[in-house]
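Derivation of every value follows stated rules applied to the coordinates shown; laboratory data play no part. Remember, predicted model here, so these are calculated numbers, not experimental data. All Cβ positions, even for glycine, are placed from backbone atoms using ideal geometry, and neighbour counts span all protein chains on display.
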Amino acid sequence: MFLESCINSLEASVELLDSSTEVLSRATTSFPKLSTILKTNRVFGLIPEADVLQSKKTLRHSVEPNIAVLLNRLDHELVKLERKRNSLIRKCELNKIRLENVSSLRKKRLASGIPSRLELLRSKRRQLEYQVQERNILQENESAEKIRED
């Protein structure tokens, strides 16, 4: 009887252990997933401040000369463009004055009755065309008379 109670007690202990193992197994099935979730990732690495300052200094020394050269070029181009702008403004003003002078001269000529050079040339052209026509007619008449005489 004593042995029987020991066996029963042992069987009860084994069943209890089996059920406990089963409960633990169910409880820890998501443990690998949980360990991945809880795992800390080092997103930002910490760098000593001295290294950061040294990197900034190195970058500044490598970039500043290029920036200075580009700023110098920019200044030269701005000076050129300013000169060109001023030149164009002066040219525009000069052309306006010339245009005003030409238009005022035309008005004066028209008002005074003095024919312009263009009008004189047109008149001369008409006269020359008339003279050419007359000579052509005379030559045709002369050639027609020669033909009749022969």
Problem set entry | Where labels lie 7 Å past Cα in the beta-carbon direction, separation of residue 37 and residue 97 in nm | 8.8
For this session: Work out which helices of the chain, taken as complete DSSP H runs, extend at least 15 Å along their axis over the Cα atoms and score a mean Kyte-Doolittle of -1.0 or more, then list them.
Result: 2-27, 49-112
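Write down the Å³ per residue value for the convex hull defined by the alpha carbon atoms of the chain.
Hull volume over Cα atoms, normalised by residue count, gives 562 Å³.
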Exercise. In nm, to one decimal, how far is the residue 28 label point from the residue 57 one, both placed 7 Å along Cα→Cβ?
Worked result: 5.5
For this session: Just name one of 88, 2, 19: the one whose Cα is farthest towards the positive end of the charge dipole of the chain (beta-carbon charges, Lys/Arg +1, Asp/Glu -1).
Result: 88
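Of the lysine pairs in region 48-114, how many meet both conditions: Cα atoms under 20 Å apart, and a spacing of 8 or more in sequence or different chains? Kindly include the intermediate steps, with their values, before the conclusion.
On the way: 80/91; 84/96; 96/107; 96/108.
Lysine pair count for region 48-114: 4.
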For this session: In a Gaussian network model over the chain where Cα atoms closer than 10 Å are linked, find which of 103, 123, 30 has the largest mean-square fluctuation.
Result: 30
Problem set entry | GNM flexibility winner over the chain from 99, 88, 121 (Cα, springs under 10 Å) | 121
